[in-house]
1. Give just the number: which of (1) more than 14 Å from chain A (Cβ to nearest Cβ); (2) in contact with a Phe, Trp or Tyr (Cβ under 6 Å, 6 or more places away or on another chain); (3) surrounded by 15 or more Cβ atoms within 10 Å (Cβ to Cβ); (4) within 20 Å of B:ASP148 (Cα to Cα) does B:GLY198 not satisfy?
2. Say we look at segment A:384-420 and pick out the residues that are modelled with pLDDT under 80 and in a helix (DSSP H, G or I); which of these is nearest to A:ALA142 (Cα to Cα)?
3. I'm told A:GLU133 meets every condition in (1) among the charged types (D, E, K, R); (2) touching a residue at least 40 places away in the same chain (Cβ under 8 Å); (3) away from chain B (no Cβ under 14 Å) except one. Can you identify the failing condition by its number?
4. Return the residues of segment A:203-214 that are surrounded by fewer than 22 Cβ atoms within 10 Å (Cβ to Cβ) and either under 31 Å from the mean Cα position of the chain (by Cα) or within 11 Å of another protein chain (Cβ to nearest Cβ) (or both); say none if nothing qualifies.
5. It is to be established whether one or more residues within segment A:158-166 are of a type outside the set (Lys, Arg), in a helix (DSSP H, G or I), within 30 Å of A:LEU224 (Cβ to Cβ) and away from chain B (no Cβ under 14 Å).
6. If you go through segment B:263-292, how many residues are within 14 Å of chain A (Cβ to nearest Cβ), closer than 17 Å to B:PRO229 by Cα and in contact with a helix residue (DSSP H, G or I) (Cβ under 7 Å, 6 or more places away or on another chain)?
7. When only residues in segment A:231-253 that are more than 10 Å from chain B (Cβ to nearest Cβ) and of a type in the set (Gly, Ala, Ser) count, which is farthest from B:ALA293 (Cα to Cα)?
8. What's the total number of residues in segment A:142-154 that are crowded, with 23+ Cβ neighbours inside 10 Å and modelled with pLDDT of 85 or more?
Amino acid sequence: MGAFFSLFNCTAWFGLLNRAVIKNDLVAGIIAGVLILPQAVALATLAGMPPEYGLYTSIFPVIIASLFGSSWQALSGPNTALAIMIATALAPYASLSTPDYIMYAITLSCIVGVIQLLFAVFKLGAVFNYFSETVLIALITAVGITIILRQSGDFMGIIMNVPEDIDYTLYRLFFSAHLINGYAVTVGVTTILVSVLSRRYRPTWPHHIVAILVGTLMAEILDLLFGSATTAIDRLGHLSLSVAPFSHPDFSPGNFAEAAEGLMSAGFSIALMGLIQSTIIARGLATKTGQLIDNNKEVASQGLSNIAGSFLSCFPACGSFNRSAANLEAGALTPLAGIVSALALALLVFGASPLIARLPMPVMAGVLFIVAVNLIKLKDIKRLLAIRSEARIIFVVTLITALYGNLADGVFLGVFLSIVAYLRSVSVPEIELLFGLKAEQYRPAGVERATVLKVSGSLFFGSVNGLEKFLVDLNTRGGRQGSLVMICEQIQNMDESALEVLIHEALKRREAGGDLFLWLGNHKLDTVIRGSRLPEVIGDDHLLYHTG
Amino acid sequence: MPRFKLYYLFTVINASLVTAITAQEIDPLEVRPSLVEPRVSLPTELIAVPVVNPGEYYVPPKVEDIPDDKYGDMVRWGREIFVNTQVHGRRFVGNGLNCSSCHLSEGRQPYAMPLWAAYGMYPQYRSKNREVITIQERIQDCFRYSLDGIAPTLDTPEMEALVTYMHWLSKDVPIGVELPGRGLAPISRTRSPSHINGEIVYKTRCAMCHGEDGKGQKHKNGVGYMFPPLWGGDSFNRGAGMNKIRRAARYIKANMPLGAGYTLTDMEAWDVANYMWIHYRPFDPRVGWFLNALGPKPGGGW
């Protein structure tokens, strides 16, 4: 029970606070808060929500997740992959950013939170340690490509149909080339160029902010020169923010029933995707800071933040790579920095709302372009594709599914493939053939020639097939049909099917004039072996132990 | 004998009237004539005020009749945006006006550019855009010029809501037919309008609501205007239709002072419109600041 309540303990880091730490985290938090602003707005539009909701989602879940989370530097908030999954899940049920759509998104947030909390309560947080890195790279790459295609419309000032396959989007881009708004493209290209140049020549500057400022300035100049009705550069517009935007998830049959199926399955995949990213971020940060991470606590904090978010007008959120990295770079030490960053963002938004209203959409698209290109890590992809292994297949299959189906399918397939890959790696027991002196010391007395095998890992129904194959190979191709000594010291556990294989092998060897010995060493496996008919078949004296 | 004839004639007329009333099918344009209130005028000098006959203008459905489904939700949202653009269309508005600042009575008032008369007329060729435009593109222009803000893109939900409201308001309206009450009232002109006369008329008839300085009157809670500003930074810009003297005069003639339309003479309406036009208002967004600052002010002709 104590472990259960420790999931919801939010005071563990209070002891770290002193004057210097507080001062340090205040500064780090303010920097991180300013940096999120453009992404908060951009990701909201990506999720099909009005920009206000992106800001709420960058404020409230961040506070909750920072308070209850296990990692002290990881920051939550709207996430690229989740944003796309939300848009694809909700688009069939309501038009983007209508009141219905917003209601569905808020309900979805609650569903996601509850599922995540259940993961924590049932202590399933450890599951995410096994999530394959290959699958994550494939999913993130798919997100990057999707964002680039999705934003190309905003970038060029054309209206695109949102839930469409990528090949249709490409056709549409091609055929609506004559509609491209040159002014919008100018502004977008300026944004990207400035970002790239500032990162190259002024690496210490916050390149996103510089790019946004210059891009907005460019749009203003174009407006002054040619008039805003001529340039027709789309703007973000005035935000109507509220200090306490209370909302509630709506499960009433009239509103929920028609979308229930879609929302539930989307909730599950979004919950998974959110947890995968959050735990991987927490782990990644922990390797840099040396902090000990409790996966269950991290998962619980995500669940709590999403449930709380659904009562404060937030769409599903999870850990964010960029923001956590920025937070760490800014020198954050405790969750105080995360809380300060949320409050700083809130202050900034209320203070600078007339300026934010003038943000051009092509600038936002440009920023998302840069974010998306950074998501596609060519180095990792090249490394994966260069190795001739199952990782390559998993990567390609997951990427194609995530791009052509949707991201949710990609997540499910990815989880499935991770498990399959893990089981495959487990199911191949390590078998080593020993020679010379090493083999000699295991040769039982009275046997002249013996083949010595060292088996380690676990022998169970899944892996026994590998052992069987090896033994057959040994007999037919290797010509080692005489006596066989199997060193079972390193075997973790055995089950009935493994014992059956051993019995079968012993009988086969006896027929061929050989014999089978098992070097058990200690008495670890005794309960399993003594419980079966193996000792009767091969004889008690064939089970060898360390003397003394 | 003639007496009898007269009596006979009377009964025939009476009978024919009765049959006409009972047997005739009700014209769709005659539904609920009670909503159209006849105007009362108390002019100082004698002018002709047209009396609105029941059924002369189309009467849109009542607000209470908005259906209780998703379509109805959209209609309600569209109406909220239309009536209280400052709150519900905040993202796109650049000045202090609402849609219903000009389109009076929530877009129902004849000769105040009623929505129901416009809905069936689009798509149409518009010389301002130099192409055939849809109703959505027309609404975009409202946001660009009259609301001096950002045009919502064609796929924004606010745009969908506004079009849905128009669609509901135009129930039973024939497509492509110019209905009576469409757009603005006709007006005649006997001399060039004078802003000096206009100032006198403005001070006596308009200033009590729109203010001596033409900046309107805000609501007590500070959100939006009870009486919209006629010029200045919070009013429509130089690209708006209302910035044309002729357009404004026609509007003023039929609708102003509020609730007492047709009480100004034609020339008084022209003069007030001219007086409005000479004041500062936001720049025309179709051209850059250079042309705005140095070029001629648009909308001056009649």
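The values are calculated or read from the model by the stated rules, or taken from the named source; none is laboratory data. Because the structure is a prediction, the values reported are computed rather than measured. Every residue, glycine as well, gets a Cβ built from its backbone with ideal geometry; the counts of neighbours run over all protein chains shown.
1. B:GLY198 satisfies all of (1) more than 14 Å from chain A (Cβ to nearest Cβ); (2) in contact with a Phe, Trp or Tyr (Cβ under 6 Å, 6 or more places away or on another chain); (3) surrounded by 15 or more Cβ atoms within 10 Å (Cβ to Cβ); (4) within 20 Å of B:ASP148 (Cα to Cα) except (4).
2. Initial filter on segment A:384-420 (modelled with pLDDT under 80): A:387-390, A:405-408.
Filter once more, so that each one left must be in a helix (DSSP H, G or I): A:390, A:407-408.
Numbers: A:GLU390: 19, A:LEU407: 8, A:ALA408: 11 Å.
So the residue we want is A:LEU407.
3. (2)
4. Here is the first cut: in segment A:203-214, the ones surrounded by fewer than 22 Cβ atoms within 10 Å (Cβ to Cβ) are A:203-207, A:209-210, A:213-214.
A:PRO203, A:THR204, A:TRP205, A:PRO206, A:HIS207, A:ILE209, A:VAL210 - these are the residues of segment A:203-214 that are surrounded by fewer than 22 Cβ atoms within 10 Å (Cβ to Cβ) and either under 31 Å from the mean Cα position of the chain (by Cα) or within 11 Å of another protein chain (Cβ to nearest Cβ) (or both).
5. Applying the first criterion (of a type outside the set (Lys, Arg)) to segment A:158-166 yields A:158-166.
Checking the rest, the ones that are also in a helix (DSSP H, G or I) come to A:166.
Narrowing further to those that are within 30 Å of A:LEU224 (Cβ to Cβ): none.
Within segment A:158-166, none of the residues are of a type outside the set (Lys, Arg), in a helix (DSSP H, G or I), within 30 Å of A:LEU224 (Cβ to Cβ) and away from chain B (no Cβ under 14 Å).
6. Taking segment B:263-292 and keeping what is within 14 Å of chain A (Cβ to nearest Cβ), we get B:282-292.
Those still in the list that are closer than 17 Å to B:PRO229 by Cα too: B:282-283.
Cutting the leftovers down to in contact with a helix residue (DSSP H, G or I) (Cβ under 7 Å, 6 or more places away or on another chain) gives us B:283.
Summing the residues that are within 14 Å of chain A (Cβ to nearest Cβ), closer than 17 Å to B:PRO229 by Cα and in contact with a helix residue (DSSP H, G or I) (Cβ under 7 Å, 6 or more places away or on another chain) in segment B:263-292 gives 1.
7. A:SER252
8. Result for segment A:142-154: 1.
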